[in-house]
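Here the structure comes first, spelled out in C-alpha cells, and everything after it is commentary.
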Amino acid sequence: MELKFCYPGVGYSVESILEFTKEGQTGFWSEPVFFFFPQIDREGFLSGTTEDRRRYLTGFFAEYAAQMKDELAEKIEAYNRQWQENRASVTAALEEAFDTDLTDELSDLCARVTFNPISPRYLEDHAFDVFYRNGPKGALGSSLHEIIHFVWFLVWQRHFHDDPREYETPHLKWIFSEMAVEPVMRDERLASLNPYYASKSCVYPYFYTLEIQGEKLLDHLYDMYRSVPIDRFMKWGYDYCLEHESQIREHMEKAEKGEG
C-alpha cells in the first residue's frame, strides 16, 4: 500500500467546492468553505449561476494559490514525509484489522490537497481529498479515515460481490462504511496518529450522538467489531443498520439541517 500527496491545481478545488455548494445542499456541506474563507462574498456567490460561481471561485483561488505557492509546496512535502514515517505501522494495523495482505494492494493512492474543507473520496480513482489547512499530523489523520474506506470496500467486495454504486451516498452501505471507520480507528496504532480521533471528529459528528435502544451506536459497533471476524462484522453491522435504517437516516437528516 502506498500513498502520495499532490496538488491538483485551482480548477480541481473550484469544481469540488461547486459540488458541495450547489442548490439543495444543506449548510452542513455548503457552509464550511465560507467559514474558512470569510473573504468570499457569500451572498453574491450564492446568488449567481453555476458559471458565475465558477468564474468567481477561479479568480479568488487563483490569486490565493499564487500567494500560497511556497507554503503549499512545503505542506505537501511535509505530508508525504509524515506518511512515509508511519506507513509501515498503518499498513500493519489495517492488515490485522481486515485480515488481508496489502503488499500488492492500493499501491497508487493519491491524496489531493485542495481548498475545499469537505474531503470526498473516489474509490474508482484510488483518490481522495485533503484540506490544505491541515498540519502534517492532521493530514495523516484525515487520510487514515479515507484509507480505511479503500481497504474496507476492497475486502467488502471480495466477500459480497455486490454493485460498487451502492458504496456511494445516499446508499446505506455508504452510511455504514462511514460509521465503521471509528471502530477500526480505535486501534492505538491508528488512534495515536490521528488528532481527529482524540477530538471525536474522525467520523461525521452526528454518529457520536446517535443512540439506538439506549446505547451509543459507535460503542455497539465496536463491541461487535472486536468480537467477530471482519467479514461477519460487515454482515452483522450492515444488518443492524438495515434494521434501524429509518432512525439512522432521520438522525442524520436532522443533524445536517441543524435540527439535531
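The values are calculated or read from the model by the stated rules, or taken from the named source; none is laboratory data. If you're wondering where the values come from, they're calculated on a predicted model, not measured in any experiment. So basically every Cβ, Gly included, is an ideal-geometry build from the backbone, and we count neighbours across all protein chains shown. Ligands, DNA and RNA are stripped out before the accessible areas are found, and what is left, the full protein with its side chains, is counted by its heavy atoms. Shrake-Rupley method; radii C 1.70, N 1.55, O 1.52, S 1.80 Å.
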Response to the item:
The ratio Rg/Rh over the Cα atoms of the stretch 1-89, Rh being the Kirkwood inverse mean 1/r radius, stands at 1.06
Worksheet item: From Cα coordinates alone, what are the radius of gyration and Dmax values for the stretch 48-133 in angstrom?
Response: 17.0, 50
Response to the item:
Filtered hits (lysines, Cα-Cα < 19 Å from Lys75, offset >= 8 within chain) -> Lys4, Lys137
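Around Gly44, with a cut-off of 10 angstrom between Cβ atoms, what is the net charge of the other residues, counting Lys and Arg +1 and Asp and Glu -1?
Details: positive: Arg42, Arg53; negative: Asp41, Glu43, Asp52.
Here the charged neighbours net out to -1.
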Discussion item. Accessible area per residue for the stretch 195-257 in Å², computed with a 1.4 Å probe and the full protein assembly in place, what is it?
Written reply: 56 Å²
Item to complete: Under 16 Å Cα to Cα from Lys173, which lysines show up? Leave out anything in the same chain fewer than 8 places away.
Response: Lys235
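Can you give the local net charge around Glu211? Use residues other than it whose beta-carbon is closer than 13 angstrom to its beta-carbon, Lys and Arg +1, Asp and Glu -1. Provide the component values of the computation, followed by the final result.
Details: positive: Lys216; negative: Glu215, Asp219, Glu250.
Charge balance in the 13 Å sphere: -2.
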Discussion item. Along the charge dipole of the stretch 12-127, pointing to its positive end and built from +1/-1 on Cβ of Lys, Arg, Asp and Glu, which listed residue (Asn80, Ser30, Val90) has its Cα farthest out?
Written reply: Ser30
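Before anything else, pin down the relative contact order of the stretch 144-254: Cα pairs under 8 Å, at least 6 apart, normalised by residue count, whole percent. Write down the numbers at each step before the final one.
Working: 78 pairs, mean separation 28.9, N = 111.
The value is 26 percent.
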Worksheet item: Extent of the stretch 129-224 along each principal axis, from alpha carbon coordinates, in Å, largest to smallest?
Response: 37, 33, 24
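Quick check: at a probe of 1.4 Å, how many percent of the accessible area of the stretch 73-221 sits on carbon and sulfur atoms?
On the way: 3020 of 6330 Å².
Ligands and nucleic acids excluded, carbon and sulfur reach 48 percent.
Determine Rg/Rh for the stretch 83-134; Rg is computed over alpha-carbon atoms and Rh is the Kirkwood hydrodynamic estimate from the same atoms. All intermediate terms of the calculation are to be shown ahead of the outcome.
Numbers: Rg = 12.8 Å, Rh = 12.5 Å.
So for the stretch 83-134, dividing Rg by the Kirkwood Rh gives 1.02.
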